[in-house]
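For reference, the structure is listed below as structure tokens.
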């Protein structure tokens, strides 16, 4: 699955493809609106302008196959450690089950280390039990309970 695969920083032209991956599951289908790209393009511009953000895409032969967002969070705790936060990991339906998710996470781990992060963390919706097994198999610990407050 990794032959000829390129993981790179996303461009504005990638937004429709990323959005298609975000919307292509039961949760994403309820919260994404692919018909109106305007808010996604605005969000992309903010992400792209922030040096603590890395929106990555994985592609082969100019076809988007996966994405994730890596956010770097400097902090005072843990002796001034920088944390890397992984969000919105998605693999396009035709590429699922071929190891691309593992490749993306290993890439994120390496990128986080390169940028000086000492901890990589993520959250996963409670309904995504297959994703939980995936992250546990990659060595992640389910160490915290997450909380969200809609604003």
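See the values below:
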| read-out | value |
| --- | --- |
| Counted residues, the range 98-127 - those being under 15 Å from residue 21 (Cβ atoms) and without any contact (Cβ under 8 Å) to a residue 60 or more places away in the chain | 1 |
| Whichever residue in the range 25-52 is part of a loop (DSSP other than H, G, I, E, B) and in contact with a helix residue (DSSP H, G or I) (Cβ under 6 Å, 6 or more places away or on another chain) and, among such residues, is nearest to residue 69 (Cα to Cα) | 32 |
| Filter result for residue 98 (outside any helix (DSSP H, G or I) and either loosely packed, with under 12 Cβ neighbours inside 10 Å or modelled with pLDDT under 95 (or both)) | yes |
| Condition met for residue 112 (in a helix (DSSP H, G or I), at pLDDT 95 or above, in contact with a strand residue (DSSP E or B) (Cβ under 9 Å, 6 or more places away or on another chain) and buried (at least 18 other Cβ atoms within 10 Å of the Cβ)) | yes |
| Answer from 8, 90, 78, 83 - the residue that is part of a helix (DSSP H, G or I) and in contact (Cβ under 8 Å) with a residue 12 or more places away in the chain | 78 |
| Number of the exception - residue 134 against (1) over 22 Å from residue 13 (Cα atoms); (2) under 13 Å from the mean Cα position of the chain (by Cα); (3) in contact (Cβ under 8 Å) with a residue 12 or more places away in the chain; (4) assigned to a helix (DSSP H, G or I) | (2) |
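The values are calculated or read from the model by the stated rules, or taken from the named source; none is laboratory data. Remember, predicted model here, so these are calculated numbers, not experimental data. Because the Cβ atoms are built from the backbone with ideal geometry, glycine has one as well, and the counts that use them run over all protein chains shown.
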